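So the structure is just underneath, and the comments pick up after that.
The values are calculated or read from the model by the stated rules, or taken from the named source; none is laboratory data. As the structure is a computational prediction, the values presented were derived from the model and not from experiment. In this analysis, Cβ positions are derived from the backbone assuming ideal geometry, glycine residues included, and neighbour counts consider all displayed protein chains.
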Amino acid sequence: MNNSTNFRRLITLPLLCCLLFSGTLFGASQQERISISVKNVTLTQFFKEIEQKTTYKFFYKDSQVETVSPVSIEATNTALKDILNNVLSKTALTYEISGNQIVIIGKDNKTGQKTIVVSGLVTDSQGQPLPGVAVMIPGTNRGVDTDLDGKFQIALVQTRQAALEFKMIGMEVYSLRLDDRAYYEIVMQESRLQLNEVIVTGVVDKKAESFTGSVSTISSKELTRVGNKNVFESLKNIDPSIYIMDNLTQGSNPNALPGMEIRGTSSFPLEKNDIGVDLKGNYGNIPNMPLFILDGFEASVERIMDMDMNRVENVTILKDASAKALYGSKAANGVVVIETKKLKGNQQRVTYTGSMDFEMPDLSSYNLANAREKLEIERIEGIYTTSRIEDQLELNKLYNDRKKLIEEGLDTYWLSKPLRVGVGNKHNLNIELGDSRSLKGVVDFTYNNTNGIMKGSNRSNISGTVNLSYRYKKLLFRNIMTALSNHADESPWGSFNDYARMNPYWRSNDPVTGMLLRWAEVTENYSIANPMYDATIGTLNTSSYLDFTNNFYAEYRPTTHVKITGRMGISAKRSSADEFLPANHSTFSTSSYMTNEALKMRRGSYRLDNGRSSSFSGDINASYTRNFDRHFVSANVGAFASESMYSAYVNKAEGFPNNQAADITFARQYAEGTKPVGLSSLNREISFLGTANYAYDNRFLADLTYRLSASSLYGKENRWAPGWSIGLGWNMHHEKFLKNVDFIDQLRLRASVGVTGNQNFNTSYAVGTYQYYTDYNYNGFTGAFLSNLPNPQLRWEQKKDYNIGIDAQIGPLQLKADYYDGFTENMVTNVSVSPSTGFSMVKDNLGLVRNKGFEINANLSLYNNSNGFLNIYGSVAGNTNVIESLSESMRTYNELQLKSASDKGNNEPVLMYVDGMSMTSIWAVKSLGIDPMNGQEIYLKKDGTRTYVYDPLDLVVVGDTKPTARGHFGFTAEYKGFGFSSTFRYLYGGQMYNQTLVDRVENIDIQYNVDRRVLLGRWQTPGQLAPFKRLGTFQYEGDSMAYQAKTQATSRFVQNRNELTWGTATLYYDFPKQLVNNWNMERVRFSVYMNDILTLSSIDIERGLYYPFARTVSCSLSITF
């Protein structure tokens, strides 16, 4: 029944659009004898009735017809001239006919006033004809459109004040005062506000003045004003609606992909066992990641991060249902549309942009003990005290030896050892070619080499793009072909955390020879490996990929109002990764590997990853746009089809004879307990789209969108997924009561509601996946088993969005505000099933999550003239996330989390999902602090009683990592060629679990370095008031070994997180045009960028645990010939 209904809807939508088109494609026959019957209609309606029955068009002023009494006439096969005479004879009006145009004039016109016919050609600044330009008679709603060749012809009454206005989206309005000429050549200039006039959606462009969706459009100038690294680094300093989180573990690692979300978290994060294979090639989907569209086609986060910013024309963020419903079942997390630059004129132009980039380590968040402090901490902790006399003598010697080295000046700053000032460079060459008639082309080459602050870390990209377009009469063809080669190296010096753990009284180099030491400390009982040594023995951790993309676009305009487009895109990617740890690597320096003969043979490991992915997509769209008097109508219908697949394989081997054997074929065996593994996925989709946009008198607006999609990701019982939206708007600034208010240029109210979906989950959720028994067979036959329990009823995650907003331009102030409320249902999550099925869980659609919030952006122009400008800007955004209905479905998951919380060896908070709570809640047991008499922590149970015993059943929500508000503020200024801008980011009201205090202060491994707060903060003696406790040891049941106890999740370590970051500072200078022209150049600009300059936080926490954060300075030179 559902499929039948969907099919009827699918057939009805194109038929309605065909009927809509028919009024334009098949006009009434040009006959002067017509039949008409109207009664008590306005004169305007009478004119429209004639226009529908003939090919004539009426031209008049509204003031001429507003006071005319209602018209009634009935005529059969009567001459048009007689009908007009009959009706107008009762008015003060008459008419003149010129061609197919009827001009209404007053009967009392003075002698000498007559109807004239004016024609001409409209082009852009490059001499290109402009079709579809509205040629309007001022003071009326009448006019004509230029044809496909940019030509026009219009009739009007000749007066001394006779004039015409030329209007087109993306162009400045051109006013023409008529003289005695009958032919005019009009050159229109590109509007400085073009991006505010056209909304680029990646499917069909929308007229901003009549669009009701919530979008943010960022120009290439705005992107490069705050940075030149990559699109994401710039976006996080521009628009808070897209939240690009700081990576507190990977810091400024050039090979780490950013995490981001638009308007909150609406899906469960991907669990490690959902894929089953740890892949290195960035395959698959991330549940809360927005959809990225590059030149109309889907693109990965990695592809966007690695693309050259100089190619970007603009970025549009689609946020509410009215904007993102165009993408239906993929748009729940928001859509980021990126459009690259195209050749606009017919001039040959070469632009070179080069930069030198300097990355400097930022270690301000680290507060580690120095050598003297660390030795004292060890003494206080009793490291050098024992009850056995023999051992005490040995410990005394160790203490004295270390103290002697410290007195001699040994204080190794290990944090600096793997670091450097990373010096990178970027070069881009852009060549624009074309002629004035048909063929245009842009060829772009980019080399980008980023050297990270950890020695040996690197990411380099070489890319080339050829963008060709060809116009032949009513046809336009465009093809964009891009090839990108990427190579990435992780630092052979290992994890930065290894250096933060090293004691400062250990040596890195021989004090006499300066040679690097293999062991940082050697005693009779043990040796401490020097992590620096790993970088000298051939350690390898590298990856690469080659990506090829070809996007083809064709456009046909049968009339000035109808456009038919077709697109086809293909992409292919090949990737590989190699990770080699030599036999002498510190990983294999433990006593077990050094003494056990069997383990000695297994030293050295190699991991080899190989993968490939490809995609194909195509679509065809037909759009219709036209103004009818006060009515603006735009409609689009389209069909889409796509296929994407990937496959990846992992091989692990061990046992290498020496450090130079960096090839997996030299391994002795597969890594113990492993075998080659792989993963593949295939997704096919087909969808149909219909949109309509209507505006009355440019005051009242309406948008309708419907998209029906079918995907192989869904269960076979629920292949089809509809998405829809309705948007309404009111341009109050066009109302009579505001038209004369000079300081209000724009005041628009808008509202929308709609449903979109999310496909960011794995194919195997709905389809059963089998694996072979590789360890044995039966009579020569290999068996197979079901590796997951499929759910053929699995449906798409569905998000229903409500949005209200306002757009205002009040004098020099631009303001944009939105309030949204979104409900995500049918969330894909684990659900417990009976053990008799052979599985404990299955993926199903259960639960409801609500995201609501607000966004406010403001820009104030303080100074603006021919010499320059000064703008200040700011934004604030907030989001709250609540689980409305989920608890029962997550029972088993939460039970597993409680079990993990009860583990005395676990010192990190667990993540649980409970009704009424946020998906980003921090779960911990409430703490009343440390008892000063015995040093034990006092816990508060749910019933209000106090206890010293930690019970995971007392876990409650003690904070939320999502900030209450976040945003940015700053300014941008320019004066006589000099420009300067600066941006600050802030967040307020969230909480964080301070893992630094847990790991470096309370749960210290005293054998390694610690935070210097250990000296003052840990409880030592009865009566001492201390924020941190001392911990003993514990044993697991059935295990005789003693383990260091850990601090289980407690509210003591939950702290308010308020941060202010000086994100960017940019200085540039445009050389004077006269000077540049003397150099035979068109433009020369020199720029200096600074990024991530300073971060002030209410929490003292180590940032960049495995890879530090960095401050960046970049010097850039751009030359256009």
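Please give the number of the condition ASP498 fails out of (1) within 31 Å of the chain's Cα centre (by Cα); (2) surrounded by 16 or more Cβ atoms within 10 Å (Cβ to Cβ).
For ASP498, the failing item is (1).
Looking at ASN731 and the list (1) surrounded by fewer than 19 Cβ atoms within 10 Å (Cβ to Cβ); (2) in contact with a strand residue (DSSP E or B) (Cβ under 9 Å, 6 or more places away or on another chain); (3) over 30 Å from ILE620 (Cβ atoms), which single condition is not satisfied?
All conditions are met except number (1).
It is to be established whether one or more residues within the range 345-353 are buried (at least 20 other Cβ atoms within 10 Å of the Cβ), over 33 Å from the mean Cα position of the chain (by Cα) and part of a strand (DSSP E or B).
The answer is no, given that none of the residues of the range 345-353 is buried (at least 20 other Cβ atoms within 10 Å of the Cβ), over 33 Å from the mean Cα position of the chain (by Cα) and part of a strand (DSSP E or B).
This table checks each residue for (1) under 22 Å from SER644 (Cβ atoms); (2) of a type outside the set (A, V, I, L, M); (3) free of Cβ contacts under 8 Å to residues at least 24 places away in the same chain; (4) in the same structural domain as THR691 (by TED's automatic domain parsing).
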position: LYS563; (1), (2), (3), (4): no, yes, no, yes
position: ILE570; (1), (2), (3), (4): yes, no, no, yes
position: ALA577; (1), (2), (3), (4): yes, no, no, yes
position: ASN584; (1), (2), (3), (4): no, yes, no, yes
position: SER591; (1), (2), (3), (4): no, yes, no, yes
position: LEU608; (1), (2), (3), (4): no, no, no, yes
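Could you please find all residues in the range 650-664 being within 26 Å of LEU679 (Cα to Cα), surrounded by 15 or more Cβ atoms within 10 Å (Cβ to Cβ) and not small (Gly, Ala, Ser)?
Selection gives VAL650, ASN651, LYS652, GLU654, ILE664.
Could you tell me whether the range 176-197 includes any residue that is surrounded by fewer than 20 Cβ atoms within 10 Å (Cβ to Cβ), modelled with pLDDT of 85 or more and touching an Asp or Glu at 6+ places or on another chain (Cβ under 9 Å)?
Among the residues of the range 176-197, at least one is surrounded by fewer than 20 Cβ atoms within 10 Å (Cβ to Cβ), modelled with pLDDT of 85 or more and touching an Asp or Glu at 6+ places or on another chain (Cβ under 9 Å), which makes the answer yes.
Could you grab me the full set of residues in the range 378-392 that are part of a helix (DSSP H, G or I) and either of a type in the set (D, E, K, R) or assigned by TED's automatic domain parsing to the domain that holds GLN1007 (or both)?
Correct list: GLU378, ARG379, GLU390, ASP391.
Among the residues that make up the range 440-447, is at least one of them surrounded by fewer than 19 Cβ atoms within 10 Å (Cβ to Cβ) and closer than 12 Å to LEU343 by Cβ?
Yes.
From LEU475, LEU410, LEU375, LEU395, grab the single residue that is in contact with a strand residue (DSSP E or B) (Cβ under 8 Å, 6 or more places away or on another chain) and either at pLDDT below 95 or not assigned by TED's automatic domain parsing to the domain that holds PHE548 (or both).
Every option except LEU475 fails the conditions.
Looking only at the range 149-175, which residues are among the hydrophobic types (A, V, I, L, M, F, W, C) and surrounded by 16 or more Cβ atoms within 10 Å (Cβ to Cβ)?
Result: PHE152, ILE154, ALA155, LEU156, VAL157, ALA162, LEU164, PHE166, MET168, ILE169, MET171.
May I ask you to verify whether THR249 is surrounded by fewer than 18 Cβ atoms within 10 Å (Cβ to Cβ) and either part of a loop (DSSP other than H, G, I, E, B) or touching a residue at least 60 places away in the same chain (Cβ under 8 Å) (or both)?
The answer is yes for THR249.
Could you please give the count of residues in the range 1101-1121 that are touching a strand residue (DSSP E or B) at 6+ places or on another chain (Cβ under 9 Å) and either among the basic types (Lys, Arg) or part of a loop (DSSP other than H, G, I, E, B) (or both)?
8
Yes or no, residue by residue, for (1) assigned to a strand (DSSP E or B); (2) out of contact with any helix residue (DSSP H, G or I) (no Cβ under 9 Å at 6 or more places or on another chain); (3) within 30 Å of LYS397 (Cα to Cα):
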{"position": "THR465", "(1), (2), (3)": "yes, no, no"}
{"position": "LEU484", "(1), (2), (3)": "yes, no, no"}
{"position": "GLY494", "(1), (2), (3)": "no, no, no"}
{"position": "ASP498", "(1), (2), (3)": "no, no, yes"}
{"position": "VAL512", "(1), (2), (3)": "no, yes, yes"}
{"position": "ASN551", "(1), (2), (3)": "yes, yes, no"}
{"position": "THR565", "(1), (2), (3)": "yes, yes, no"}
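Looking only at the range 76-113, filter to residues that are surrounded by fewer than 13 Cβ atoms within 10 Å (Cβ to Cβ) and of a type in the set (D, E, K, R); which one of those is modelled with the lowest pLDDT?
Selected residue: LYS110.
Residue-by-condition table, conditions (1) modelled with pLDDT under 80; (2) of a type in the set (D, E, K, R); (3) in contact with a strand residue (DSSP E or B) (Cβ under 9 Å, 6 or more places away or on another chain):
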{"site": "ILE744", "(1), (2), (3)": "no, no, yes"}
{"site": "ARG748", "(1), (2), (3)": "no, yes, yes"}
{"site": "VAL753", "(1), (2), (3)": "no, no, yes"}
{"site": "THR756", "(1), (2), (3)": "no, no, yes"}
{"site": "THR763", "(1), (2), (3)": "yes, no, yes"}
{"site": "GLY768", "(1), (2), (3)": "yes, no, yes"}
{"site": "TYR772", "(1), (2), (3)": "yes, no, yes"}
{"site": "ASN777", "(1), (2), (3)": "yes, no, no"}
{"site": "PHE781", "(1), (2), (3)": "no, no, no"}
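Let me spell it out: the conditions are (1) buried (at least 20 other Cβ atoms within 10 Å of the Cβ); (2) not in a loop (DSSP other than H, G, I, E, B); (3) not aromatic (Phe, Trp, Tyr), and ARG603 meets all of them except one. Which number is the exception?
Status for ARG603: all satisfied but (2).
Determine which single condition LEU415 fails, assuming it passes every other condition in (1) crowded, with 16+ Cβ neighbours inside 10 Å; (2) assigned to a strand (DSSP E or B); (3) of a type in the set (A, V, I, L, M, F, W, C).
Result: LEU415 passes all but (2).
Quick one: which of SER365, SER416 is free of Cβ contacts under 8 Å to residues at least 60 places away in the same chain and among the polar types (S, T, N, Q)?
Testing whether each residue is free of Cβ contacts under 8 Å to residues at least 60 places away in the same chain and among the polar types (S, T, N, Q) leaves just SER416.
May I ask you to list pairs of residues, at least six apart or on different chains, whose Cβ atoms are under 7 Å apart, with the first in the range 795-808 being within 8 Å of ASP821 (Cα to Cα) and the second being assigned to a strand (DSSP E or B) and of a type in the set (Gly, Ala, Ser)?
Partner pairs satisfying both residue conditions: ASP801/GLY754; ASP801/GLY822; ASN803/ALA751; ASN803/SER752.
Strands (runs of 3 or more DSSP E) wholly in the range 951-1060 with at least 1 residues that are buried (at least 18 other Cβ atoms within 10 Å of the Cβ) and touching an Asp or Glu at 6+ places or on another chain (Cβ under 7 Å) - which ones?
978-993
Please state which of the following conditions TYR366 fails to meet, knowing it meets all the rest: (1) touching a strand residue (DSSP E or B) at 6+ places or on another chain (Cβ under 7 Å); (2) under 30 Å from TYR1107 (Cβ atoms).
(1)
ALA648 fails exactly one of the following numbered conditions: (1) small (Gly, Ala, Ser); (2) touching a residue at least 40 places away in the same chain (Cβ under 8 Å); (3) farther than 21 Å from ARG612 by Cβ. What is the number of that condition?
Failed condition: (3).
Filter the range 886-918 for residues that are surrounded by fewer than 18 Cβ atoms within 10 Å (Cβ to Cβ), among the hydroxyl-bearing types (Ser, Thr, Tyr) and closer than 22 Å to ASN851 by Cβ and give the result.
Once the filter is applied, which keeps residues that are surrounded by fewer than 18 Cβ atoms within 10 Å (Cβ to Cβ), among the hydroxyl-bearing types (Ser, Thr, Tyr) and closer than 22 Å to ASN851 by Cβ, the range 886-918 yields only SER887.
Working only within the range 58-75, note down all residues that are surrounded by 12 or more Cβ atoms within 10 Å (Cβ to Cβ) and at pLDDT 80 or above.
Within the range 58-75, PHE58, VAL68, PRO70, VAL71, SER72, ILE73, ALA75 qualify.
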